[in-house]
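So the structure is just underneath, and the comments pick up after that.
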Amino acid sequence: MSMNPARRAAGAAALVLLAAGLGAPVARAHGDRVGALRIEHPYALPTPPGARTGAAYLKAIVNAGEQPDQLLSASSPVADTVEFHRSEVDAQQIARMRQLPAIDIPARGTLALRHDGRVHLMLVGLKAPLRAGERIDLTLRFARAGEVTVSAWVQLPRNAGAEHTH
């Protein structure tokens with residue numbers, strides 16, 4: 001029993017589309033490498049309509065190298081600028097954000113930039129609201145490893161409570 005040539009071509013086309021859908025975009029959204037660094041699961045939080053700032057995070061930057069590195073700058077087409085911010089609680093127990101000039105990544109170490117942590121990427125001058133399910137590009141520039149553009153999912157983290165308003 002032989003298969004109809006049109007059916008065989010349609011089946012082959014379906015396999016190509018399936019393989020394309022399971023390939024790089026999913027892997028790219030969850031991790032990239034540049035030099036000795038592995039950038040794990042970049043993500044951003046959805047923003048309300050009219051918001052001019054947003055926040056982006058990295059589950060981790062893993063440095064497998066023998067030398068420390070530094071995240072020197074970042075950019076994104078969705079914002080005018082991207083700044084590095086550290087959240088701190090002052091003596092009066094008031095939370096404040098302080099801009100950082102760079103972020104250190106220790107040799108043979110891991111740095112997390114999580115929504116429930118102290119350091120994050122602030123997207124300043126958003127051009128449009130960030131909507132859950134979208135992906136945004138973030139270009140990260142490192143002192144040693146160079147530059148890489150990662151694709152970040154816009155999502156609510158699993159453990160973000162209703163009180164989370166960043």
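Brief remarks follow.
- The requirement of being open to solvent by 70 Å² or more (accessible area, probe 1.4 Å) and at pLDDT 95 or above is not satisfied by E83.
Yes or no, residue by residue, for (1) out of contact with any Lys or Arg (no Cβ under 7 Å at 6 or more places or on another chain); (2) in a loop (DSSP other than H, G, I, E, B); (3) within 22 Å of L45 (Cβ to Cβ):
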| position | (1), (2), (3) |
| --- | --- |
| Q67 | no, yes, no |
| L72 | no, no, no |
| D80 | yes, no, yes |
| P129 | yes, yes, yes |
| P157 | yes, yes, yes |
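- Residue check for L72: under 20 Å from A107 (Cβ atoms) and at pLDDT 95 or above: yes
- Some residue of region 31-45 being open to solvent by 40 Å² or more (accessible area, probe 1.4 Å), in contact with a Phe, Trp or Tyr (Cβ under 9 Å, 6 or more places away or on another chain) and of a type outside the set (G, A, S): no
- Any hit, region 100-117, residues being more than 21 Å from N63 (Cα to Cα), at pLDDT 95 or above and either among the aliphatic types (A, V, I, L, M) or surrounded by fewer than 16 Cβ atoms within 10 Å (Cβ to Cβ) (or both): no
- Flag for D90 being of a type in the set (D, E), more than 19 Å from T47 (Cα to Cα) and open to solvent by 80 Å² or more (accessible area, probe 1.4 Å): no
- Residue match in region 45-63 (condition: among the aromatic types (F, W, Y) and farther than 20 Å from Q155 by Cβ): no
- Number of residues in region 125-142 that are touching a residue at least 24 places away in the same chain (Cβ under 8 Å), surrounded by fewer than 15 Cβ atoms within 10 Å (Cβ to Cβ) and not acidic (D, E): the value is 6.
- The residue list R158, R108 contains one member that is touching a residue at least 40 places away in the same chain (Cβ under 8 Å) and farther than 23 Å from R52 by Cβ, which is R108.
The values are calculated or read from the model by the stated rules, or taken from the named source; none is laboratory data. The shown structure was predicted, so the numbers you read here are calculated from the model rather than taken from an experiment. Glycine also receives a Cβ, built like all others from the backbone with ideal geometry; neighbour counts cover every protein chain displayed. Ligands, DNA and RNA are stripped out before the accessible areas are found, and what is left, the full protein with its side chains, is counted by its heavy atoms. Shrake-Rupley method; radii C 1.70, N 1.55, O 1.52, S 1.80 Å.
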